Amino acid sequence: LAERPDLLIVGGGDGTLSAAVKHVAHRDVALGVLPLGTTNNFARSLGLPLDLPGAVRVFRTGKVADIDLGVAGDREFANLASFGVSVEVAGTVRPWLKRLLGRAAYPLTAMTILPRHRPFRAFITADGRRHELLTHQLNIANGRFHGGWQVARDISIDNGRLVAYQLGSGKRLRLLVETLVRATTGRWRSLAGGPFVVGQEMYLETDPPMAADVDGEVRLMTPITIRTVPNGLRVMVPGDFVDS
């Protein structure tokens, strides 16, 4: 960055790319993405090819777009902040299992943790409204994908909004069923058809206080403010990406 490049190319998974985001945010430099991770949620949200030749081709034939930047507390992120079972999964899933099974390693690991996991109560304040829910898993998404599957068809990483949603409820069986459905089909509803909370800024409280997994790094705790910064990050995307 000291050499002031027009394009900085980073290869890795969502954790690596999220670590790079904080260095290029609010700068006049575009981030080029080589998707080398297990789930590649950030690359999927940008509509990038997931094969290396295709991703490299975007540097030649694509364009620069300004997308939303997520901020959790004082930490910039690209894709997702999550709370609950996934925090334990992030610290438990084995590298060899990810290599062997790919993105299916995450829901399978979650199923081994769930029997002893206790539900928590979450309070989300967004756009002046307070929402309360009881769940084992809560996600607040900047991007459109989680675990390699689409969260909802009409979520965008370039619309100035965050989307909060729970998986299951306080009942383990419901979370188990939803996890299995998403692991096998990836199906999900539109924002209009589900229990989603949408806003540019969200204040999250949990009982009990919980650790936050922010793009694979567990360093923050609730209560926490999570917000989106429209046009906070420049990235290389395919030519058909809709830049709003």
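The values are calculated or read from the model by the stated rules, or taken from the named source; none is laboratory data. Note that the structure is a prediction, hence the values are computed from the model and not measured. Methodologically, a virtual Cβ is constructed for each residue, glycine included, from the backbone with ideal geometry; neighbour enumeration extends over all protein chains shown. With ligands, DNA and RNA removed, areas are computed over all heavy atoms of the protein, side chains included. Shrake-Rupley method; radii C 1.70, N 1.55, O 1.52, S 1.80 Å.
Where Lys and Arg each count +1 and Asp and Glu each count -1, what net charge lies around A2 among other residues with Cβ under 15 Å from its Cβ?
Numbers: positive: R4, R27; negative: E3, D6, D28.
Net charge in that neighbourhood comes out at -1.
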Calculate one ³J(HN,Hα) per residue across region 231-244 by plugging θ = phi - 60° into the Karplus curve 6.51 cos²θ - 1.76 cosθ + 1.60, and present them in order as whole Hz with x for glycine and proline. 6, x, 9, 9, 9, 8, 9, x, x, 8, 5, 7, 9, 9
Hey, can you rank 52-58, 35-41 by average C-beta count inside 10 Å, highest first? 35-41, 52-58
Could you please report the charge total around V71, scoring K, R as +1 and D, E as -1 over all other residues with beta-carbon less than 13 angstrom from its beta-carbon? -2
How many angstrom separate the Cα center of region 119-166 from the Cα center of region 57-71? 23
Based on the alpha-carbon gyration tensor of region 36-75 and its eigenvalue square roots a ≥ b ≥ c, which shape applies: rounded if a/c is under 1.5, prolate if not and a/b is larger than b/c, or oblate? oblate
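Rank by packing, highest mean first: peptides 139-146, 211-218, 116-123, with packing defined as the count of other Cβ atoms within 10 Å averaged across residues. Numbers along the way, then the final one.
Working: 139-146: 24.9, 211-218: 21.1, 116-123: 15.0.
With the highest mean Cβ count within 10 Å placed first, the list reads 139-146, 211-218, 116-123.
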Tally Lys/Arg at +1 and Asp/Glu at -1 over every other residue whose Cβ is under 9 Å from the Cβ of F241; what's the total? -2
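I'd like to check one number: the per residue accessible area of region 1-71, probe 1.4 Å, reported in Å² as a whole number. Walk me through the numbers before you get to the answer.
Working: 3270 Å² over 71 residues.
Spelled out: the 1.4 Å probe surface of region 1-71, per residue, equals 46 Å².
So for Y203, Y165, what's the accessible-area order with a 1.4 Å probe, most first?
Numbers: Y203 90, Y165 5 Å².
Correct descending sequence by accessible area is Y203, Y165.
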